[in-house]
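Only one structure is covered here, and it is reproduced in the block below.
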Amino acid sequence: MVEKNSKIKMPFWRNIKVVPYLYILPNMILFLVFMIIPIFMSFYYSTVKWNGMGTPKFIDIQNYLYIFQDKVFLKSIFNTFYYTVATVPLLMVLALFFAVLLNSAIPLRGVIRSAIYAPAVVSTVVVGTVFTWIFQDQLGLINYLIRSLGGTAIQWANDPKFAMVMLIVATVWQRTGYNMVIYLAGLQGIPTDVMEAATIDGASTWQKFRYITLPLLKNTHMFVMITCMIHAFRSFDLVYTMTQGGPLNATKTMVMYVYEQAFNKNYYGRAAAGGIVLFAFMVVLTLIRFRIEKED
């Protein structure tokens, strides 16, 4: 016999609060439509032969076999890693330098911060156009300075040895200010009592930076590094504006290769396969980041 005061067990779904899920529903729909579905569609298109018209023809892994035998694609992988390895350390070092400098009380600190950050809000197309002019063969500012010092002008955009330098310089100029702001936030999050205790103990400025500031910015370093690497792997607009992947594929990145296969040659299957390979690299970078954070 059931006691009168015993509580009736309600179905679990009656305890679910619906209202919070309604608030996030629009974002979840956008995430599903513009992220999840395109990823699965890319996997599908990477296994078919399709030029944008007609019915796609399933060809299994032939697109992957083709791109990994394509010297241009392999060159684009090398260029992407080269561009990443060259830009990321420069961006981190310069951003940290300016952040430490502008975190102290110096004259016109606010103006200097704004001036360094300003390139981050400029359109990448504009940045590419300006630096294309700066590196011009005859009228460019860089070659003008070289000739003024008695040197020989360099054909930056037409020389495979120097074309990537243009992209690296333009990227560092544009992205340093953004990373500087992140480092500034990290520096301002360091407890002041730690620095005061180190000062009382007689620690020098370098010792405080080496043994206190750098270790306490560990998470900031990781965030900046991963952000810069992702940006480097996704770089397209600056490359397209300044070099379009030339000369002789010297600046062709993976995204540029995918763009050309899809929109210049109408090989959408090969383009999708290249995009999946790029996606795999991004996943590996993310997993490495999570592994490092877990070990810490």
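The values are calculated or read from the model by the stated rules, or taken from the named source; none is laboratory data. Since we're looking at a predicted model, the values are computed, not measured. Neighbour counts run over all protein chains shown; Cβ positions are idealised from the backbone, glycine included. For the accessible areas, the whole protein counts, side chains as well, though only heavy atoms, and no ligand, DNA or RNA atoms are used. Shrake-Rupley method; radii C 1.70, N 1.55, O 1.52, S 1.80 Å.
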- request: Residue by residue through region 177-203, note down the ones that are assigned to a loop (DSSP other than H, G, I, E, B) and open to solvent by 50 Å² or more (accessible area, probe 1.4 Å).
  value: GLY189, PRO191, ASP201, GLY202
- prompt: What is the number of the single condition among (1) touching a helix residue (DSSP H, G or I) at 6+ places or on another chain (Cβ under 8 Å); (2) part of a loop (DSSP other than H, G, I, E, B); (3) open to solvent by less than 70 Å² (accessible area, probe 1.4 Å) that GLN136 does not meet?
  reply: (3)
- request: Pick out the one residue from SER104, SER123, SER76, SER148 that is touching a residue at least 60 places away in the same chain (Cβ under 8 Å) and of a type in the set (Gly, Ala, Ser).
  value: SER76
message: Just checking: which of the helices (runs of 4 or more DSSP H) contained wholly in region 226-296 hold 1 or more residues that are farther than 19 Å from ASN51 by Cβ, among the acidic types (Asp, Glu) and in contact (Cβ under 8 Å) with a residue 24 or more places away in the chain?
response: 237-242, 268-295
- request: Of the numbered conditions (1) over 27 Å from ILE226 (Cβ atoms); (2) basic (Lys, Arg); (3) part of a helix (DSSP H, G or I), LYS161 fails exactly one; give the number of that condition.
  value: (3)
query: So which residues in region 139-154 are surrounded by 17 or more Cβ atoms within 10 Å (Cβ to Cβ), assigned to a loop (DSSP other than H, G, I, E, B) and of a type outside the set (Val, Ile, Thr), if there are any at all?
result: GLY140
query: Here are some conditions: (1) open to solvent by 60 Å² or more (accessible area, probe 1.4 Å); (2) more than 30 Å from TYR66 (Cα to Cα); (3) hydrophobic (A, V, I, L, M, F, W, C). LEU248 meets all but one. Which one does it not meet?
result: (2)
Tally, over region 38-81, of residues that are open to solvent by 40 Å² or more (accessible area, probe 1.4 Å) and either aromatic (Phe, Trp, Tyr) or part of a strand (DSSP E or B) (or both): 13
task: Specify the residue that is most open to solvent (accessible area, probe 1.4 Å); the eligible residues are those in region 251-265 that are within 21 Å of the chain's Cα centre (by Cα) and farther than 14 Å from ASP70 by Cβ.
output: TYR259
- request: Just name the residue that is nearest to THR205 (Cα to Cα) out of those in region 104-116 that are surrounded by fewer than 18 Cβ atoms within 10 Å (Cβ to Cβ) and not aliphatic (A, V, I, L, M).
  value: SER104
query: Any idea which of LEU238, LEU214 is buried (at least 20 other Cβ atoms within 10 Å of the Cβ) and closer than 25 Å to LEU96 by Cβ?
result: LEU238
statement: Checked region 160-176 for anything open to solvent by 40 Å² or more (accessible area, probe 1.4 Å) and more than 25 Å from ALA115 (Cα to Cα); matches are PRO160, LYS161, PHE162
task: Take region 256-288 and flag every residue that is among the small types (Gly, Ala, Ser) and out of contact with any helix residue (DSSP H, G or I) (no Cβ under 6 Å at 6 or more places or on another chain).
output: ALA280
